[in-house]
Amino acid sequence: MKKVTILGSTGSIGTQALDVIGRKREQFQIETLACGQNTELLEQQIQKFSPKQAVTELEQDACHLAKVYPKVDFLWGEKGLLAAAEDDSQILLNSLVGIRGLVPTYHAIQSGKEIALANKETLVAGGELIMKAVQEKGARMLPVDSEHSAIFQCLQGNQGKKIRKILLTASGGPFRGFSRQQLADVTLAQALHHPKWSMGKKITIDSATMMNKGLEVIEAKWLFDVPLSDIQILVHPQSIMHSAVEFEDGSVIAQMGSADMRIPISVALGYPQRIPDAGNRINFFEEGANLSFEEPDTEVFGCINLAYEASKAGGSYPVVLNAANEVMVDKFLKGQIAFLDIEKNIQKILDDHTPTYNLGLNEIINIDKEIRKEVL
């Protein structure tokens, strides 16, 4: 029995993780479930999985639910997330959205947990700090993003062998092939209509701007300890090859499968074993007859360049990149700015920033807060 804590249990990754766990109740026990304000779905999850502890964003929600479910300990807010990070579970699945995932991840590492990471912002903003903690604690970091899970799987059995290149795939999002002029007129509804994946709103917009791929490049740099120059983005619209690794002899090992996040989730939760029939199987005769690959158009999708530049500059620049992106995506979702304003405003914020280096956890959080205050 592996005890599991899920941060973001009512989101896309969290619900799919519980779907995987629900099919293998003999293997997993839910210790803590943490959500935002979707308490209706949280109640359904509590009834099905009987966690020892649950965390809500708002105090009033926790107090109300505590009366309904007296056998469950209810907590709320940031303190509740930290308590969840330090509970008795063996593995923490962090599927929170944005920078909120950083501090719980750090505390979970310090408490000796395995981390199943579906919160890329943790490594974008705090990669050096987090990976240092992983090394010092001897912790295991298991990626849940489909691309990073693919790379992780390709490296199994190849530890110690020299990597020439990581081939990080991208679907291209809903606007693959668009010009800058066409992007100027896209609507929110168009941006939220991803051709392959069903995801939360923030990550779907990141996919549309291709900032998501830029953030994943930074994540891959830290997870796999490779220089940015050894990470190549391949636009692969079929989303069948989820990423690949090229070794020094020229061999390329790729991981393929259906566009089903339950598979990478199951790889992380079940490691080192695989969970049978965790997700949909692929029929190559129907879906794999024509696999194509393209270079990303970084002149049209400039957010990719912003991510590379921020990571190369280091220090506080990736923190600023992440904070500015979160704010601008939120503004776009609220109809306050146009689609291309996301990239334009992030560029300006980065240009105006005076960097600092050697950041600890508190410094990262404070810089993130300051950037948000400046741009709101």
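The values are calculated or read from the model by the stated rules, or taken from the named source; none is laboratory data. Owing to the predicted nature of the structure, the values given are computational and were not obtained by experimental measurement. We place every Cβ from the backbone using ideal geometry, glycine too, and count neighbours over all the protein chains shown. Accessible surface areas use protein heavy atoms only, side chains included; no ligands, DNA or RNA. Shrake-Rupley method; radii C 1.70, N 1.55, O 1.52, S 1.80 Å.
Could you check how many residues of the stretch 168-181 are surrounded by 17 or more Cβ atoms within 10 Å (Cβ to Cβ) and in a loop (DSSP other than H, G, I, E, B)? Steps first, answer last, please.
First, pick out the residues of the stretch 168-181 that are surrounded by 17 or more Cβ atoms within 10 Å (Cβ to Cβ): 168-176, 178.
With the extra rule that they be in a loop (DSSP other than H, G, I, E, B), the set shrinks to 171-176, 178.
Of the residues in the stretch 168-181, 7 are surrounded by 17 or more Cβ atoms within 10 Å (Cβ to Cβ) and in a loop (DSSP other than H, G, I, E, B).
Considering only the stretch 182-197, state which residues are in a loop (DSSP other than H, G, I, E, B) and touching a helix residue (DSSP H, G or I) at 6+ places or on another chain (Cβ under 7 Å). Let's see the steps before the verdict.
Taking the stretch 182-197 and keeping what is in a loop (DSSP other than H, G, I, E, B), we get 184-187, 192-197.
184, 186, 192, 194 - these are the residues of the stretch 182-197 that are in a loop (DSSP other than H, G, I, E, B) and touching a helix residue (DSSP H, G or I) at 6+ places or on another chain (Cβ under 7 Å).
Are any residues in the stretch 90-111 open to solvent by less than 10 Å² (accessible area, probe 1.4 Å) and polar (S, T, N, Q), and if so, which ones? Working first, answer last.
As a first pass, look at the stretch 90-111 and keep what is open to solvent by less than 10 Å² (accessible area, probe 1.4 Å): 91-94, 98, 101-102, 104-105, 108-109.
Hits for the stretch 90-111 are 94, 105.
Considering only the stretch 276-293, state which residues are open to solvent by less than 50 Å² (accessible area, probe 1.4 Å) and either closer than 23 Å to residue 94 by Cα or in a helix (DSSP H, G or I) (or both). Spell out the reasoning first.
Restricting attention to the stretch 276-293, the residues satisfying the condition of being open to solvent by less than 50 Å² (accessible area, probe 1.4 Å) are 278-279, 282, 288, 292.
Of everything in the stretch 276-293, those that are open to solvent by less than 50 Å² (accessible area, probe 1.4 Å) and either closer than 23 Å to residue 94 by Cα or in a helix (DSSP H, G or I) (or both) turn out to be 278, 279.
Can you find, within the stretch 153-167, the residue that is farthest from residue 273 (Cα to Cα) among those that are open to solvent by 70 Å² or more (accessible area, probe 1.4 Å) and touching a residue at least 60 places away in the same chain (Cβ under 8 Å)?
Among those that are open to solvent by 70 Å² or more (accessible area, probe 1.4 Å) and touching a residue at least 60 places away in the same chain (Cβ under 8 Å), it is 164.
For residue 215, are the conditions met, namely being within 15 Å of the chain's Cα centre (by Cα) and not small (Gly, Ala, Ser)? Steps first, answer last, please.
Numbers: within 15 Å of the chain's Cα centre (by Cα): yes; not small (Gly, Ala, Ser): yes.
When the stated conditions are applied, residue 215 passes them.
Tell me, please, whether a residue that is in contact (Cβ under 8 Å) with a residue 40 or more places away in the chain, farther than 20 Å from residue 178 by Cβ and either open to solvent by 40 Å² or more (accessible area, probe 1.4 Å) or not assigned by the TED database to the domain that holds residue 98 (or both) can be found in the stretch 294-307.
No.
Would you please list the contacts, defined by Cβ atoms under 6 Å and residues six or more apart or on different chains, that run from a residue in the stretch 104-126 that is more than 15 Å from residue 9 (Cα to Cα) and of a type in the set (Ser, Thr, Tyr) to a residue that is assigned to a loop (DSSP other than H, G, I, E, B) and open to solvent by 10 Å² or more (accessible area, probe 1.4 Å)?
The qualifying pairs are 111/86.
Select from the stretch 346-358 the residues that are open to solvent by 50 Å² or more (accessible area, probe 1.4 Å) and not acidic (Asp, Glu) and write down the one among them that is nearest to residue 181 (Cα to Cα). Reasoning before the result, please.
Of the residues in the stretch 346-358, the ones open to solvent by 50 Å² or more (accessible area, probe 1.4 Å) are 347-348, 351-352, 354, 356-358.
So of that shortlist, the ones also not acidic (Asp, Glu) come out as 347-348, 354, 356-358.
Values: 347: 19, 348: 20, 354: 32, 356: 36, 357: 38, 358: 40 Å.
Among residues in the stretch 346-358 that are open to solvent by 50 Å² or more (accessible area, probe 1.4 Å) and not acidic (Asp, Glu), the one nearest to residue 181 (Cα to Cα) is 347.
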